[in-house]
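Data block below; observations after.
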Amino acid sequence: MAMSIVWAVMLLLSVLFSILNDCTASVGAAALTGARSGVEATLAIAGAICLWSGLGKVLERSGLSEKLTRLLAPLLRRLFPRSFRDPAAAAALSGNFAANLLGLGNAATPMGIAAARRMQALSGSEYASDELCRLVVLNTASVQLLPATVAALRAGLGAPKPMQILPAVWLSSLLSVAAGLAAAALLGRRGRR
């Protein structure tokens with residue numbers, strides 16, 4: 001709700017200043033150009049999102065997601081020891097983590113929501129558990145080995161080398177996850193006191 005008000009105020013101020021500065025034609029043209037660019041960018045990444053979301057369904061139906069769960073189990077078991085004992089939570093956590101590794105935030109979101117709901121049901125509390133907080137941190141920071149959505153967006157906008165950002169993505173995502181997990185651990189200990 002608050003962001004709706006912010007956007008409405010910004011829009012009204014833009015129109016007001018364009019009228020006061022007698023440049024409504026250029027503001028109108030810029031708005032139409034921006035809208036066209038937004039639609040073009042959306043269409044550019046839509047194909048990549050469909051491809052990777054479809055691949056996620058293929059992994060699930062072929063049984064490869066179970067193998068992926070076993071592959072990621074040592075790491076996820078350490079991060080989510082209580083929740084990983086539940087098969088439904090383990091599958092959702094593994095799928096979410098794998099989708100985030102591939103930079104597929106759109107595909108990771110439904111699995112992250114399923115994992116969060118299952119974790120909340122398992123905790124039996126109305127408050128977020130430490131494991132649920134770690135899941136939120138991992139989804140927010142998300143280590144990405146292959147930033148597929150960002151690369152598709154860069155390619156759609158004409159970047160000559162859309163994957164050139166890999167080292168920066170790896171470094172920034174590792175640092176953000178490390179900082180987030182450290183903060184979650186520190187605040188979790190502080191909250192238990």
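The values are calculated or read from the model by the stated rules, or taken from the named source; none is laboratory data. This structure is a prediction, so every number in the text was calculated from the model and none was measured. All Cβ positions, glycine included, derive from the backbone under ideal geometry; neighbour counts span all protein chains shown. Just the protein is used for accessible areas: all its heavy atoms, side chains included, with ligands, DNA and RNA removed. Shrake-Rupley method; radii C 1.70, N 1.55, O 1.52, S 1.80 Å.
Is it fair to say SER53 is free of Cβ contacts under 8 Å to residues at least 12 places away in the same chain, open to solvent by less than 90 Å² (accessible area, probe 1.4 Å) and within 30 Å of SER94 (Cβ to Cβ)?
In short, no.
Name every residue in the stretch 124-150 that is in contact (Cβ under 8 Å) with a residue 60 or more places away in the chain and crowded, with 20+ Cβ neighbours inside 10 Å, in order of residue number.
Listed by number, the list holds a single entry, ALA148.
Take the residues of the stretch 88-97 that are open to solvent by less than 20 Å² (accessible area, probe 1.4 Å) and of a type in the set (Gly, Ala, Ser): which is nearest to the chain's Cα centre (by Cα)?
GLY95
Go through the stretch 11-38 and give me each residue that's within 28 Å of THR149 (Cβ to Cβ) and either open to solvent by less than 90 Å² (accessible area, probe 1.4 Å) or among the basic types (Lys, Arg) (or both). Explain how you work it out, then say what you get.
Of all residues in the stretch 11-38, those within 28 Å of THR149 (Cβ to Cβ) come to 11, 30-38.
Residues satisfying the conditions are ALA30, ALA31, THR33, GLY34, ALA35, ARG36, SER37, GLY38.
For (1) among the polar types (S, T, N, Q); (2) touching a Cys at 6+ places or on another chain (Cβ under 7 Å); (3) open to solvent by 30 Å² or more (accessible area, probe 1.4 Å), each residue gets a yes or a no:
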| position | (1), (2), (3) |
| --- | --- |
| ASP86 | no, no, no |
| LEU102 | no, no, yes |
| ASN106 | yes, no, yes |
| ILE113 | no, no, yes |
| ARG117 | no, no, yes |
| LEU122 | no, no, yes |
